[in-house]
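Engineer: Quick one: this structure, given as structure tokens, is what I'll be asking you about.
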Amino acid sequence: MVEVKERPKTRGEPSGGMANSIRKVGVIGAGQMGNGIAHVCALSGLQVLLNDVVAERIAQGIATIDGNLARQVSRQRITDEEREAAMKRISVAKTLNELGDCDLVIEAATEKEEVKRKIFTAVCTTLKPEAIVGTSTSSISITRLASATDRPERFIGIHFMNPVPLMELVEVIRGIATDDATFETTKQFVARLGKQIAVSEDFPAFIVNRILLPMINEAIYTLYEGVGNVEAIDTAMRLGAHHPMGPLELADFIGLDTCLSVMQVLHEGLADSKYRPCPLLVKYVEAGWLGRKTQRGFYDYRGEKPVPTR
């Protein structure tokens, strides 16, 4: 379970206009990102339907939300009444058909384009014509994903940062067909959640991951080439660059499979050798050592405290 240290500093109500049309949000994917998105939406007064292809993950996601909200109560970030009200706003959607009356649906599935395209093709047949479809992809072309829908003008990138309840930023990315009404409604929706917006053009990995993931990949190359071990690299960046987490620890937190997917999108989309994924990153993913979520990555999390694996 991700520890949530604080709530967003502001959770303003919409000031009027098109954002008032978003009252019910569907979230597809109940993993770390999806349950975080559901958490902040429910806490901001929106009705939430949480869906996942695996039913057990929905139950796990709701349990994680409840635990993170309880942690916020214990830190006096929210009241117990707010926690209870937020939990009551979250419902289970066992199938995509149950998302039909949502005003906004946000996809937060695995970072694989073919998976996302199948989801969009399926869910659009159930949605009302005016519904907005968003994706929290961290790297994939919004324009290309929009082409899998029946509403490219009402499709937009809404890239939340992880962990969602704690991080203040959301990247908003328009595809080539995204219309102004969708863009403005999305900005007002994000503001309601108490988040700050960075508008990005639709280029591979957008802003944050275009900068962050090559740094992580370079840290892995530094390990791969024997310049330093895991502990030395992370300590150097924590103390030498004042980063709150070392890059290898951060990679484990993000998920090494996600790191690899983003680097592959950058490498293929920009055709520049500087974005070539490190072979060691590929090897870890092939081994199923994906970081915290599998208990092993650049650190082994199976004991009392994390131990470097190299």
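The values are calculated or read from the model by the stated rules, or taken from the named source; none is laboratory data. Everything numeric here is computed off the predicted structure, so don't read it as measured data. In this analysis, Cβ positions are derived from the backbone assuming ideal geometry, glycine residues included, and neighbour counts consider all displayed protein chains.
Engineer: Could you list, in sequence order, the residues of segment 50-77 that are surrounded by fewer than 22 Cβ atoms within 10 Å (Cβ to Cβ) and not in a helix (DSSP H, G or I)?
Structural biologist: If the condition is that a residue be surrounded by fewer than 22 Cβ atoms within 10 Å (Cβ to Cβ) and not in a helix (DSSP H, G or I), then VAL53, VAL54, ARG75, GLN76, ARG77 are the ones that fit.
Engineer: State whether one or more residues within segment 152-161 are part of a loop (DSSP other than H, G, I, E, B) and not aliphatic (A, V, I, L, M).
Structural biologist: Scanning segment 152-161, I find no residue that is part of a loop (DSSP other than H, G, I, E, B) and not aliphatic (A, V, I, L, M), so the answer is no.
Engineer: Check every one of the helices (runs of 4 or more DSSP H) wholly within segment 218-286 and list those with 2 or more residues that are in contact (Cβ under 8 Å) with a residue 24 or more places away in the chain and hydroxyl-bearing (Ser, Thr, Tyr).
Structural biologist: By residue number, 256-270.
Engineer: What are the residues in segment 86-117 that are touching a helix residue (DSSP H, G or I) at 6+ places or on another chain (Cβ under 8 Å), free of Cβ contacts under 8 Å to residues at least 60 places away in the same chain and either surrounded by fewer than 20 Cβ atoms within 10 Å (Cβ to Cβ) or assigned to a loop (DSSP other than H, G, I, E, B) (or both), if any?
Structural biologist: Passing the criteria: MET87, ARG89, VAL92, LYS94, GLU113, ARG117.
Yes/no matrix, rows are residues, columns are (1) within 19 Å of VAL105 (Cα to Cα); (2) under 16 Å from the mean Cα position of the chain (by Cα); (3) at pLDDT below 95; (4) of a type outside the set (Lys, Arg):
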{"residue": "SER15", "(1), (2), (3), (4)": "no, no, yes, yes"}
{"residue": "ALA19", "(1), (2), (3), (4)": "yes, no, yes, yes"}
{"residue": "ILE28", "(1), (2), (3), (4)": "yes, yes, no, yes"}
{"residue": "CYS41", "(1), (2), (3), (4)": "yes, yes, no, yes"}
{"residue": "GLN47", "(1), (2), (3), (4)": "yes, no, no, yes"}
{"residue": "GLN60", "(1), (2), (3), (4)": "no, no, no, yes"}
{"residue": "THR79", "(1), (2), (3), (4)": "no, no, no, yes"}
{"residue": "ALA85", "(1), (2), (3), (4)": "no, no, no, yes"}
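Engineer: Scan segment 202-223 and give yes if some residue there is surrounded by fewer than 22 Cβ atoms within 10 Å (Cβ to Cβ), in contact with a Gly (Cβ under 8 Å, 6 or more places away or on another chain) and over 29 Å from ILE22 (Cβ atoms), otherwise no.
Structural biologist: Checked segment 202-223: at least one residue is surrounded by fewer than 22 Cβ atoms within 10 Å (Cβ to Cβ), in contact with a Gly (Cβ under 8 Å, 6 or more places away or on another chain) and over 29 Å from ILE22 (Cβ atoms).
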